[in-house]
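Just below is one structure, and these are the notes that go with it.
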Amino acid sequence: MRKLFIAAFMFVSIFGTKVMADIKMGIILGFTGPIESLTPAMAASAELAFKEASDSGSLLGGKKIEVMRADSTCVDSAAATAAAEGLISGGVAAIMGADCSGVTGAIATNVAVPNGVVMISPSATSPGLTTLDDKGYFFRTAPSDARGGQILADITKDRKVKSVAITYTNNDYGKGLADVYKAAVEAHGIKVTTVTAHEDGKADYSSEVATLASAGGDAVAVIGYLDQGGKGIIQASLDSGAFDKFVLSDGMIGQSLVDAFGKDLSKSFGSMPGSTGKGAGIFAEVAKAGGVEASGPYTAESYDAAALIVLAMQAGNSADRASIAKNVMDVANAPGKKIYPGELKKGLDLLAKGKKINYEGATGVTFTSVGEAEGSFLEQEVKGGKFKTKKQR
């Protein structure tokens, strides 16, 4: 009898979960690969927004969200595409992700857009994605590297760097950002001594650093990934004494890099998308309450991406994929009541009454006409064993 009772309880629990999980949502990020130390917090942040909407009781009359995770790897487009196909076949209404620009473009072009599924990336920054033929299904809460490269160049100038060598990870993200950064620093009168690509996944980067060192420079700009080649470039530079000042792209900002090199990064600086505005402060409190580390790169953008999806559903009174796509821009921009992190129930209730909202979120969301964030940036430096924000740009 006891076994029968336990079996019956398990059946009810599983069945109850399926009944309550009315809407499936996909999260696809590089849980393995060159930014794997960043993605757990990004995913948790998005799930925090999905849970907030589910728990509100206001989403489409009280529906719940079931999250399905998939691994983009960040670098393997074939694997990322296959993972995204799994989400689509699993019936997701929309996708929060992907992360790195190359796999994001591949998923959008080959899977999401052909199937009419909205993707909102929190971190794909390649300028090439601005002109993606997305049929209105691709958005991003991170600003383009077309602006990010300019901001990083401005910081480089302000830090009195007179000459710089540039190395970039050999993919869409790396090449796109390196091109923008090079043009911008040269416009500031800074000498670029060399621009070279590096491949991720190597055990040793001494030859790449030897090439950079032979060209010289006050610093080396490392446009890459903190858990892969970018880290290797820094290690080889420090080991050889070639460089001790590093200009770091957003893909290089993360606690694991400071943990690896500590005070050796004390002369280094960089930038990442982010805000010090009202929404950022509110998000820090909401994330802390939800057990999520809010200070990491793209955590705020991940929360905002997920929030926009659920608000777009409510605006169209439907979890239909086409309806979500139609309403993302309406909830992201003015006019309407401003909605901040932790206020998703408020936003959902207003939308249910036919009212307009303007989702400010954690990052001060405002979309351009092509559905990407105008965005702001945070100047980063290493202080007290952590990346710290000097100021907003």
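Here are a few things to note about the model shown:
Every residue, every condition in (1) aliphatic (A, V, I, L, M); (2) without any contact (Cβ under 8 Å) to a residue 24 or more places away in the chain, yes or no:
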site: 342; (1), (2): no, no
site: 348; (1), (2): yes, no
site: 355; (1), (2): no, yes
site: 361; (1), (2): no, no
site: 365; (1), (2): yes, no
site: 369; (1), (2): no, yes
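- All positions within the stretch 214-253 that are at positive phi, surrounded by fewer than 20 Cβ atoms within 10 Å (Cβ to Cβ) and in contact (Cβ under 8 Å) with a residue 40 or more places away in the chain: 216
- Subset of the stretch 266-281 (residues that are buried (at least 23 other Cβ atoms within 10 Å of the Cβ) and more than 30 Å from residue 366 (Cα to Cα)): 268
- In the set (1) within 17 Å of residue 272 (Cβ to Cβ); (2) touching a strand residue (DSSP E or B) at 6+ places or on another chain (Cβ under 9 Å); (3) surrounded by 23 or more Cβ atoms within 10 Å (Cβ to Cβ), the condition left unmet by residue 376 is number (3).
- Residue in the stretch 312-327 that is surrounded by the fewest Cβ atoms within 10 Å (Cβ to Cβ), counting only those that are closer than 14 Å to residue 356 by Cβ and in contact (Cβ under 8 Å) with a residue 60 or more places away in the chain: 314
- Filtered residues of the stretch 197-213 (kept if surrounded by 17 or more Cβ atoms within 10 Å (Cβ to Cβ) and of a type in the set (Val, Ile, Thr)): 209
- With respect to the conditions (1) at positive phi; (2) out of contact with any Asp or Glu (no Cβ under 9 Å at 6 or more places or on another chain); (3) outside the structural domain of residue 294 (by TED's automatic domain parsing); (4) not hydrophobic (A, V, I, L, M, F, W, C), residue 385 lacks only one, and its number is (2).
- Residue 312 passes every criterion in (1) assigned to a loop (DSSP other than H, G, I, E, B); (2) closer than 26 Å to residue 126 by Cα; (3) assigned by TED's automatic domain parsing to the domain that holds residue 42 apart from (1).
- Figure legend. Inter-residue proximity from the stretch 58-85: first residues over 24 Å from residue 48 (Cα atoms), second residues part of a loop (DSSP other than H, G, I, E, B), beta-carbon distance below 6 Å, spacing 6+ or different chains. Indicated pairs: 75/33; 79/73.
So that you can scan it fast, the table gives a plain yes or no per residue for (1) modelled with pLDDT under 95; (2) surrounded by 24 or more Cβ atoms within 10 Å (Cβ to Cβ):
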site	(1), (2)
105	no, no
110	no, no
121	no, yes
127	yes, no
130	no, no
148	no, yes
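- Matching residues in the stretch 160-175 - criterion: being surrounded by fewer than 24 Cβ atoms within 10 Å (Cβ to Cβ), closer than 25 Å to residue 374 by Cα and touching a residue at least 40 places away in the same chain (Cβ under 8 Å): 171, 172
The values are calculated or read from the model by the stated rules, or taken from the named source; none is laboratory data. Remember, it's a predicted structure, so these values are computed and weren't measured experimentally. Quick reminder, even Gly has a Cβ in these numbers, built from the backbone with ideal geometry, and neighbours come from all protein chains shown.
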